[in-house]
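A short worksheet on the structure shown next.
The values are calculated or read from the model by the stated rules, or taken from the named source; none is laboratory data. As the structure is a computational prediction, the values presented were derived from the model and not from experiment. We place every Cβ from the backbone using ideal geometry, glycine too, and count neighbours over all the protein chains shown.
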Amino acid sequence: MTVSDIDRPIGVFDSGFGGLTVLRSLVEQLPNEDFIYLGDTARAPYGPRAIAEVRRFALQGLDYLVAQGVKALVIACNSASAAVLRDARERYEVPITEVVLPAASRAVAATRNRRVGVVATQSTVNSAAYEDAFAIAPHITLTSKACPRFVEFVEAGITGGDELLAVAEEYLEPVKRAQADTLILGCTHYPLLSGVIGYVLGNGVTLVSSAEACAQATYTTLTQAGLLRHQPREAKREFLTTGDARDFQGIGRRLLGGFVSNATTVVIDKEAGHGPDHT
């Protein structure tokens, strides 16, 4: 790889806001890298959508990031990873990491009783992406549960209270009944609810964040490709959204404090053309 390749930013794609937890983990583990984050908030959430539709939307977003000259792609959305990973690796020449397989691998290493739970969006559960990922460990018993309302609570900034606790108790009952000792947070919104999830399941259950696992996999991928920046520097982060930039920035700051700034609205639908709309 040339120096100019190393100097390029990393593109991070998500259906909306949840991937910001992945970006935060990426920044922590890759502090010298520049990032371009694209959230398709105009068409979020992806969770209830058909796989074919998610695939089309995700490829549009990834195409946009590749056109910006990124050196690697991170698919920071479980639904998009499930729908598009194989196509993306055939379509693009840059290295690609995602959130499903790294989280599955970490859960396999963490479980003691070989019983693992996954909480995710309906789209991810329907895709059976985690079942496919756990083909690497046929001795594992997997329990999957769709938790669509968790996203609503996170984006409203609600991380506690009686209503959320009641919803969490209902969603996590199959995981408790299966006696899973490890739970994959299979949606990038869910790490922001690790407090209530851990409270419901108890200290004996290990929570695996797909965001942290993805960031570690990205570090490994860049190192192996010779694309990792080693020297300390002031890195840059660019935030793009297909929705309203002010709303994106407001929700992003509510979720992650001052981490999100200077968001810009872009158009990624090919029928509408490319390019920034407003800041």
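Remarks
- When residue 32 is tested against the conditions (1) of a type outside the set (D, E, K, R); (2) out of contact with any helix residue (DSSP H, G or I) (no Cβ under 9 Å at 6 or more places or on another chain); (3) farther than 13 Å from residue 236 by Cα, the lone failure is (3).
- Filtered by the rule that a residue be within 15 Å of the chain's Cα centre (by Cα), over 22 Å from residue 184 (Cβ atoms) and buried (at least 24 other Cβ atoms within 10 Å of the Cβ), region 23-37 gives a lone residue, 37.
- Hits in region 43-60 (condition: closer than 16 Å to residue 151 by Cβ and over 15 Å from the mean Cα position of the chain (by Cα)): 43, 48, 49
- Of all the residues in region 143-153, those that are out of contact with any Pro (no Cβ under 9 Å at 6 or more places or on another chain) and either crowded, with 20+ Cβ neighbours inside 10 Å or not assigned by TED's automatic domain parsing to the domain that holds residue 200 (or both) number 4.
- On inspection, residue 181 qualifies as more than 16 Å from residue 18 (Cβ to Cβ), charged (D, E, K, R) and touching a residue at least 40 places away in the same chain (Cβ under 8 Å).
- Screening region 140-159 for residues that are modelled with pLDDT under 95 and of a type outside the set (A, V, I, L, M, F, W, C) and picking the one that is nearest to residue 247 (Cα to Cα) gives 155.
- Residue in region 153-167 that is more than 22 Å from residue 11 (Cβ to Cβ), assigned to a loop (DSSP other than H, G, I, E, B), of a type in the set (A, V, I, L, M, F, W, C) and within 18 Å of the chain's Cα centre (by Cα) present: no
- The residues listed here are 125, 119, 100, 108; of these, the one that is β-branched (Val, Ile, Thr) and touching a Lys or Arg at 6+ places or on another chain (Cβ under 6 Å) is 119.
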